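Note sheet for the following structure.
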Amino acid sequence: MKPVYIFSTIALTSLVILLTAPYLGLSTTLDSELASHILMQIRIPRALLAFIVGAGLAVCGLVFQAMFHNPLATPFTLGVASGASLGAALAVFFGLSFSFFGIDSASLLAFIGALTTISFVYGLSRFGNGFSPEVLLLTGVAVSFFFTSLILLTQYLSDIADSFKILRWLMGSLSIVGYDDIWRLLPIVTLVIGLVCFFRRELNLLTAGDEIALSRGVAVKKVRYLLFFSTSICIGAIVALCGPIGFVGMMVPHICRLLIGQDHRWLIPASCLFGGGFLILCDAVARSAIAPAEIPVGVITTLLGGPFFLWLLIRSRTHNS
Amino acid sequence: MLCTHHLTVEFAQKKRLDDINLQLEPHDYLCIIGPNGAGKSTLLKTLMGIVSPSSGNIIIADSPLEQLSQRQLARHLSYVAQSHNQHLNFTVAEFIKMGRYPHHGVFSSWETADQTAFDNAVALTQTEAFLSRQIPTLSGGECQRVMIAAALCQQTPFLLLDEPTSFLDPRHQVKVHQLIQNLNQQHQVGIIEVTHDINHAVQHSQQILALKSGKAIWTGQATDFLASPHLSEELYDQHFVLTKHPETGQQIALPSEQGYSR
């Protein structure tokens, strides 16, 4: 099938999800004023946030996979998420409760944690043979494990209430009220996705390998620095606000690649829309499956996405052979 | 014009290339020969900006290499690597079209000049028949032609080829040799080719550069190479017998069954 048809299908589906999700499970017995308040102040912002976060995670994951020629490379594998989580855990542990331009202390520390981790991983990988993807990935994984242990330690030393707060943060959540957080996150995510779109040709060549990219004229190192830092900042901002929502960044680009092929001119917008729609769907399931209680959305993304991904993988293997 | 002055490349405390001096015009055809690990591939990669030189200069069309952006460099040189990533999930057409990258800005679209370059590259390499196929489904010979087509799409005055026929059967070897010959003679593309085949180098190229342990031990007209009888033995640490090609009468070297002892 032509990419344009597949893309249109993805775009249409995401749009339908975006438009219908806020109404899902909205009780009709409530009086109209309360219902419209819930819709405008809770449901719509939440769907929008899910869309932005999903789109950002998917596109950043796509960039990492292309840059490092590794299907498992995501900003999460490179320790950005664990750095952010450690920041948030420390904020809870030390009982910090200040706010800075309306951003609460946990988010702020998470963002600082994410940026510190990127700089640290990047700095470490500079030793030896420069900016090699393998070294960077391994450094990221090592740092990730180290920080995970520190998070566990922080949790162990906390009292029950704080420990639960940390755990809840680690599971990821999209519950917001009002639009302030959206206005903070939207510019960063839009800017980074826009930047990634500029680099669609370079990303195509990078998937073909560094040597081919260089001989076609891509300044591989420069492009990689730029994309590495900008996507990491984007991920840092997302994780700081919503916690580490796993799997979207790794899985959505893969699914899109299986559906639409390797060309980033289609792959970037497709991942963006698919990621957005997918996360709204996951969030809708998360809040309605055992209503009135809520399942952490991170749990749902993995539960829904994992089997679907496996099915797609097996299907494409049997189709090819 | 492509020149190197005292080009030296060092990594892991070892000199891979030592004081290499070259001068090539866009109609030249240079073959680089030498034993494994002599630095042949390193030389091509250094020219292409994949490996950085530790000292010496590379001058391309009057500009030093370090002053050229990678994109500018890719308008002068194109490169076909030795082994290919068979997992390139692109169609042949998509992949060849990516060769136009150095001629494009962020906002530019596919224009007539691009289409002409693409059509020429496809016609020269005879890849029309499998344009819509996925690269992993190609045979070795087809794949090599696609790689050359993608490099030709760059429309550069020089083409660097790293052992372009090593993994091909005799029929496809001859086809690729003819293609390179044709590019050089009919289309004035400067060729720098790394090869293990002394006879191919002597028969088809104009100049030969013999590398051993990173040093240029001989450079000159291709036809003169076999005239100095001990040259190939010194180069490869291996005895050769010289004989005449029964068909063309040209002198050829065959590795001797006797080993080699200094």
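The values are calculated or read from the model by the stated rules, or taken from the named source; none is laboratory data. All figures in this text were calculated on a predicted structure; none of them were measured in a lab. All Cβ positions, glycine included, derive from the backbone under ideal geometry; neighbour counts span all protein chains shown.
Among the residues in segment A:267-279, are any assigned to a helix (DSSP H, G or I), farther than 30 Å from B:ALA149 by Cα, of a type in the set (S, T, N, Q) and modelled with pLDDT of 85 or more? Yes, that holds for at least one residue.
Given the structure, is A:TRP169 assigned to a helix (DSSP H, G or I) and either in contact with a strand residue (DSSP E or B) (Cβ under 6 Å, 6 or more places away or on another chain) or in contact (Cβ under 8 Å) with a residue 12 or more places away in the chain (or both)? Yes; evaluated as a whole, the condition is true for this residue.
Quick one: is A:LEU241 more than 21 Å from A:LEU49 (Cα to Cα), in contact (Cβ under 8 Å) with a residue 24 or more places away in the chain and either surrounded by fewer than 23 Cβ atoms within 10 Å (Cβ to Cβ) or not charged (D, E, K, R) (or both)? I'd like the intermediate steps shown before the answer.
Working: more than 21 Å from A:LEU49 (Cα to Cα): no; in contact (Cβ under 8 Å) with a residue 24 or more places away in the chain: yes; either surrounded by fewer than 23 Cβ atoms within 10 Å (Cβ to Cβ) or not charged (D, E, K, R) (or both): yes.
For A:LEU241, the condition - more than 21 Å from A:LEU49 (Cα to Cα), in contact (Cβ under 8 Å) with a residue 24 or more places away in the chain and either surrounded by fewer than 23 Cβ atoms within 10 Å (Cβ to Cβ) or not charged (D, E, K, R) (or both) - is not met.
Could we say that A:SER149 is among the small types (Gly, Ala, Ser), out of contact with any Ser or Thr (no Cβ under 8 Å at 6 or more places or on another chain), more than 11 Å from chain B (Cβ to nearest Cβ) and assigned to a helix (DSSP H, G or I) here? Here the answer is yes, as A:SER149 does meet what is asked. Scanning segment A:194-211 for residues that are at the interface with chain B (Cβ under 7 Å from one of its Cβ atoms), modelled with pLDDT under 90 and in a helix (DSSP H, G or I) turns up just one, A:GLU211.
Does segment B:132-139 include one or more residues that are assigned to a helix (DSSP H, G or I), more than 10 Å from chain A (Cβ to nearest Cβ) and either out of contact with any strand residue (DSSP E or B) (no Cβ under 7 Å at 6 or more places or on another chain) or surrounded by 15 or more Cβ atoms within 10 Å (Cβ to Cβ) (or both)? No, the conditions are met nowhere in segment B:132-139.
Scanning segment A:309-321 for any residue that is among the small types (Gly, Ala, Ser), crowded, with 20+ Cβ neighbours inside 10 Å and more than 14 Å from A:GLN65 (Cβ to Cβ) turns up nothing.
Checked against (1) surrounded by 17 or more Cβ atoms within 10 Å (Cβ to Cβ); (2) at pLDDT 90 or above, B:HIS172 passes all but a single condition, namely (2). Quick check on B:GLU111: is it of a type in the set (Asp, Glu), free of Cβ contacts under 8 Å to residues at least 60 places away in the same chain, surrounded by fewer than 21 Cβ atoms within 10 Å (Cβ to Cβ) and within 14 Å of chain A (Cβ to nearest Cβ)? So B:GLU111 fails the test.
Sort out for me the strands (runs of 3 or more DSSP E) sitting completely within segment B:190-244 that have 3 or more residues that are surrounded by fewer than 20 Cβ atoms within 10 Å (Cβ to Cβ) and without any contact (Cβ under 8 Å) to a residue 24 or more places away in the chain.
Numbers: elements: B:190-194, B:207-212, B:215-221, B:240-244.
Ranges flagged: B:215-221, B:240-244.
Would it be correct to say that B:LEU43 is in contact (Cβ under 8 Å) with a residue 24 or more places away in the chain, away from chain A (no Cβ under 14 Å), buried (at least 23 other Cβ atoms within 10 Å of the Cβ) and aliphatic (A, V, I, L, M)? Judged against the criteria, B:LEU43 is a match.
Run down A:PHE146, A:PHE101, A:PHE127 and say which single residue is at pLDDT 75 or above and over 18 Å from A:GLY243 (Cβ atoms). Even if it seems obvious, please write down each step before you answer.
Working: A:PHE101 fails: at pLDDT 75 or above; A:PHE127 fails: at pLDDT 75 or above.
None of the other options fit; the residue is A:PHE146.
Among the residues of segment A:1-21, is any part of a loop (DSSP other than H, G, I, E, B) and exposed (fewer than 13 other Cβ atoms within 10 Å of the Cβ)? Even if it seems obvious, please write down each step before you answer.
We begin by selecting, within segment A:1-21, every residue part of a loop (DSSP other than H, G, I, E, B); these are A:1-2.
From the residues that got through so far, the ones that are exposed (fewer than 13 other Cβ atoms within 10 Å of the Cβ) too are A:1-2.
Yes, some residue in segment A:1-21 is part of a loop (DSSP other than H, G, I, E, B) and exposed (fewer than 13 other Cβ atoms within 10 Å of the Cβ).
The set of residues in segment B:152-189 that are assigned to a helix (DSSP H, G or I) and charged (D, E, K, R) comprises B:ARG171, B:LYS175.
Return yes or no: is B:ILE50 within 29 Å of B:HIS196 (Cβ to Cβ), without any contact (Cβ under 8 Å) to a residue 60 or more places away in the chain, at the interface with another protein chain (Cβ under 10 Å from one of its Cβ atoms) and of a type in the set (A, V, I, L, M)?
yes
The condition of being within 11 Å of the chain's Cα centre (by Cα), small (Gly, Ala, Ser) and more than 14 Å from chain B (Cβ to nearest Cβ) holds for only one of A:GLY277, A:GLY298, that being A:GLY298.
Among the residues making up segment A:167-203, those that are surrounded by fewer than 22 Cβ atoms within 10 Å (Cβ to Cβ) and among the acidic types (Asp, Glu) are A:ASP180, A:ASP181. Against the test of being aromatic (Phe, Trp, Tyr), within 10 Å of chain A (Cβ to nearest Cβ) and under 24 Å from B:THR195 (Cβ atoms), the options B:TYR79, B:TYR29 yield a single qualifying residue, B:TYR79.
Quick check on segment A:152-166: of everything there that is in contact with a helix residue (DSSP H, G or I) (Cβ under 6 Å, 6 or more places away or on another chain) and not in a loop (DSSP other than H, G, I, E, B), which residue is nearest to A:ALA88 (Cα to Cα)?
As a first pass, look at segment A:152-166 and keep what is in contact with a helix residue (DSSP H, G or I) (Cβ under 6 Å, 6 or more places away or on another chain): A:154-155, A:158, A:162-163, A:165-166.
If we keep only those that are not in a loop (DSSP other than H, G, I, E, B) too, we end up with A:154-155, A:162-163, A:165-166.
Details: A:THR154: 11, A:GLN155: 11, A:ASP162: 11, A:SER163: 12, A:LYS165: 10, A:ILE166: 8 Å.
So, considering only residues that are in contact with a helix residue (DSSP H, G or I) (Cβ under 6 Å, 6 or more places away or on another chain) and not in a loop (DSSP other than H, G, I, E, B), the one nearest to A:ALA88 (Cα to Cα) is A:ILE166.
Considering (1) of a type outside the set (A, V, I, L, M); (2) within 28 Å of B:ASN36 (Cα to Cα); (3) within 10 Å of another protein chain (Cβ to nearest Cβ), the lone condition that B:PRO102 does not fulfil carries the number (2). Restricted to segment B:34-91, and to residues there that are within 14 Å of the chain's Cα centre (by Cα) and among the charged types (D, E, K, R), the residue that is farthest from B:ALA216 (Cα to Cα) is B:LYS45.
When A:CYS256 is tested against (1) in a helix (DSSP H, G or I); (2) within 14 Å of another protein chain (Cβ to nearest Cβ); (3) over 16 Å from the mean Cα position of the chain (by Cα), exactly one condition is not met: (3).
Yes/no matrix, rows are residues, columns are (1) more than 22 Å from B:ALA150 (Cβ to Cβ); (2) within 14 Å of chain B (Cβ to nearest Cβ); (3) not aromatic (Phe, Trp, Tyr):
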site	(1), (2), (3)
A:ASP162	yes, no, yes
A:TRP169	yes, no, no
A:LEU185	yes, no, yes
A:VAL189	yes, no, yes
A:VAL192	yes, no, yes
A:SER215	no, yes, yes
A:LEU227	yes, no, yes
A:ALA237	yes, no, yes
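Screening B:PRO64 with (1) at pLDDT 90 or above; (2) within 14 Å of chain A (Cβ to nearest Cβ) gives one miss only, at (2).
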